[in-house]
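All remarks here apply to the structure that follows.
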Amino acid sequence: MAINNLEHDVLVLGGGHAGVRAARELIRHQRPGERLDVALVSRDNVELWHGLMPQMLANTVQPEHVVVPLREVLPGVSIYVYEIREIDLEHRRVTIDRGTDGEELILTYRTLVIAVGSTIDLSRFPGMVEHALPTKTIGDFAHVRNQVIGMVEAASEQSDASLREEQLTFVVAGAGFAGVEVASEIDELVRLSLPLYPHLSRSPLRIVSVDPGTRVLPSMSEKVSAMAYKNLTGRGIEVQLGTAVASASAHDVRLSNGEVIASRNLIATAGTGINPVVQRLAVNFGRGRILCDEFGRVTGWPGVFAAGDVAAIPDSHRTPYPPTVTFAIATGESVGINVLATLRGEPLRRIEHESVAQIGIMSRRYAVAQIRGWAVQGRLAVLAGRLLFLSYMPNWRRRGRLLLDWLTSDLFGRDVTELEMDRSSGLSRMRFNAGDEIVRAGELGNRFYVITNGEVEIVDSHDPARVLGRLGPGEHFGEIALSQGVRRTASVRAAKDTGVIAMDRSDFRLLSESVPTLRAEWRAASVLAADA
């Protein structure tokens, strides 16, 4: 359970488009004789292509084909599939762990690249955290697909018209690329599936796209935006602009214009926020992004760069570039080159980004595209979008898998398979032998423990031979480190063979925020009785 310290020349935080490109450029452009030690930290061992994920909903692409393994594209880079817990810019070190107690590492660096991207933040809207389905990960999209199919299954045998209306009404919050594509793919999934449900017709189906802006796809030209709007409404999808989701419950969605939509399905494609680890840094922010100079250097911190969504990098007019996929790719590449130039003492290259193509694929046969100022729609735009994604794939094996997905989906069409991916239980049962150390003083807290059988000892952090107290079945420990965000203040070891139920910190946070009496009890608990 010792905390290891590992040194690297360049440490890249984040395995998204920007982080991968930065690490790849660092390896590609090393000169003969240079032995730069490059490391990358990512919660996942894959680079995730968000632009492909909406196509999972209608089974156009398979989940494993919207990702690229990091080790496949970054040979020579040390990859840590860990979660970033703390960034200490002053001492040039980053603390990471695997989400379990006792697996903490400290990485030190000469140069740091922050490319962690954004997170989901739905807390500003009542009921959104509880009832909105996020669209950030592959798991999120698999869950949205299961939700759509599950609601269609339930509605097919529902005799109550009002309940059937709730089940077949889908509200999509956001009308950017993700919002427009998700609404379109849900429509395609249900429309292709209806022949399998003889008790259903298209008439009860309602899809509502809601956005506070004045048009859909606001980053594209007005002409392309109008094309997308026409296609959405022509398919029967309602588009409500200048309107936002005000609140949500288990049975309805309330909009800012006062309308109440009876629905059990709210999908959130908007509501991004700054990563909490980044938010704690002593850096300057502009609209939730780290302020950088035109070379990607973080203001006020020599040796620290930022790239991708998290970085506010100014263009020639001193206006920050928008956080798009192409921006993340371009800045990652440029920052990687500028890190090398900094280490060599050479001039840096100003980051310049021009979006050559923006494409929104809305179904198998329809897309809208803006290519060098030209507006394109229909199957030609679909072809352009698919070619663009193929160009991003690292090898022909990956390209071939995507091509097969698109080909077979066009040939075989509908699929209403519902794949449940949830674990049997969100809690973990663990067993420790007598004498085993369960948690150690000074470590970051990752789990809350409830003892099911046996006995544990709370040990003095300065004198391991001194036992401060004992806990038995039904008692618990570990909550103060989680609820207060502090490191463990004491160690806990098994006095006998002991069984525990362990809850990870995200579930613990959800439980403590939802049950005020528990939160009050845990805050008042003494270190002796509860903390480890």
Legend entry - Scope region 193-230; condition more than 27 Å from GLU153 (Cα to Cα), open to solvent by 20 Å² or more (accessible area, probe 1.4 Å) and not hydrophobic (A, V, I, L, M, F, W, C); matching residues: ASP211, PRO212, GLY213, THR214, ARG215, PRO218, SER219, SER221, GLU222, LYS223, TYR229, LYS230
Inset, instruction - Out of the residues in region 302-313 that are in contact (Cβ under 8 Å) with a residue 12 or more places away in the chain and open to solvent by 10 Å² or more (accessible area, probe 1.4 Å), state the one that is nearest to ALA18 (Cα to Cα). - result: ASP309
Inset, instruction - For region 179-188, indicate whether the set of residues that are touching a residue at least 12 places away in the same chain (Cβ under 8 Å) and open to solvent by 60 Å² or more (accessible area, probe 1.4 Å) is non-empty. - result: no
Inset, instruction - Only residues in region 268-293 that are acidic (Asp, Glu) count as the first member; pair them with residues that are in a loop (DSSP other than H, G, I, E, B) and surrounded by fewer than 18 Cβ atoms within 10 Å (Cβ to Cβ), Cβ under 7 angstrom, at least 6 apart or cross-chain, and list the lot. - result: ASP293/THR299
Inset, instruction - Determine which single condition TYR80 fails, assuming it passes every other condition in (1) at pLDDT below 95; (2) of a type outside the set (Lys, Arg); (3) open to solvent by 10 Å² or more (accessible area, probe 1.4 Å). - result: (1)
Inset, instruction - Kindly establish whether SER159 is outside any helix (DSSP H, G or I) and over 28 Å from PHE412 (Cα atoms). - result: yes
Inset, instruction - Determine if region 123-131 includes at least one residue that is open to solvent by less than 30 Å² (accessible area, probe 1.4 Å), of a type in the set (A, V, I, L, M, F, W, C) and within 24 Å of the chain's Cα centre (by Cα). - result: yes
Legend entry - Condition check for ASP405: assigned to a helix (DSSP H, G or I), of a type in the set (Asp, Glu) and loosely packed, with under 14 Cβ neighbours inside 10 Å: no
Inset, instruction - Identify all residues within region 372-383 that are on the phi > 0 side of the Ramachandran plot and open to solvent by less than 30 Å² (accessible area, probe 1.4 Å); write none if there are none. - result: GLY378
Inset, instruction - Residues being among the hydrophobic types (A, V, I, L, M, F, W, C), open to solvent by less than 10 Å² (accessible area, probe 1.4 Å), over 29 Å from VAL129 (Cα atoms) and modelled with pLDDT of 90 or more: count how many of those fall in region 473-532. - result: 3
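Do we have any residue at all in region 453-460 that's open to solvent by 40 Å² or more (accessible area, probe 1.4 Å), within 30 Å of ARG98 (Cα to Cα) and either at pLDDT below 85 or assigned to a strand (DSSP E or B) (or both)?
Yes, region 453-460 has at least one match.
Could you list, in sequence order, the residues of region 384-400 that are exposed (fewer than 15 other Cβ atoms within 10 Å of the Cβ) and over 30 Å from ALA312 (Cα atoms)?
Within region 384-400, ASN395, TRP396, ARG397, GLY400 qualify.
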Legend entry - Given (1) open to solvent by 50 Å² or more (accessible area, probe 1.4 Å); (2) touching a Pro at 6+ places or on another chain (Cβ under 9 Å), index of the condition ALA155 fails: (1)
Inset, instruction - Could you figure out which of (1) open to solvent by 40 Å² or more (accessible area, probe 1.4 Å); (2) under 30 Å from the mean Cα position of the chain (by Cα) isn't true of ALA369? - result: (1)
Legend entry - Given (1) outside any helix (DSSP H, G or I); (2) over 21 Å from VAL67 (Cα atoms); (3) open to solvent by 50 Å² or more (accessible area, probe 1.4 Å); (4) not acidic (Asp, Glu), index of the condition LEU411 fails: (1)
Inset, instruction - Examine region 53-63 for a residue that is within 28 Å of THR342 (Cβ to Cβ) and either in a strand (DSSP E or B) or among the small types (Gly, Ala, Ser) (or both), and state whether such a residue exists. - result: no
Inset, instruction - Might you let me know whether region 264-280 holds any residue that is open to solvent by 60 Å² or more (accessible area, probe 1.4 Å) and part of a loop (DSSP other than H, G, I, E, B)? - result: yes
Inset, instruction - Kindly indicate which of ILE84, ILE120, ILE149, ILE106 is touching a helix residue (DSSP H, G or I) at 6+ places or on another chain (Cβ under 6 Å) and aliphatic (A, V, I, L, M). - result: ILE84
Legend entry - In region 437-446, the residues that are surrounded by 15 or more Cβ atoms within 10 Å (Cβ to Cβ) and either modelled with pLDDT of 90 or more or out of contact with any helix residue (DSSP H, G or I) (no Cβ under 7 Å at 6 or more places or on another chain) (or both): GLU437, ILE438, VAL439, ARG440, ALA441, GLU443, LEU444
Legend entry - Conditions (1) within 18 Å of ASP44 (Cα to Cα); (2) surrounded by 20 or more Cβ atoms within 10 Å (Cβ to Cβ): number failed by ASP101: (1)
Inset, instruction - Give me a count of the residues in region 132-152 that are open to solvent by 20 Å² or more (accessible area, probe 1.4 Å) and under 17 Å from GLU188 (Cβ atoms). - result: 4
Legend entry - Test for ARG35: is it surrounded by fewer than 19 Cβ atoms within 10 Å (Cβ to Cβ) and in a strand (DSSP E or B): no
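The values are calculated or read from the model by the stated rules, or taken from the named source; none is laboratory data. For clarity, every value in this text was computed on a predicted model and none was experimentally measured. Here Cβ is always computed from backbone atoms with ideal geometry, including for glycine, and neighbour counts include all displayed protein chains. To get the accessible areas, we keep the full protein, side chains included, count just its heavy atoms, and leave off ligands, DNA and RNA. Shrake-Rupley method; radii C 1.70, N 1.55, O 1.52, S 1.80 Å.
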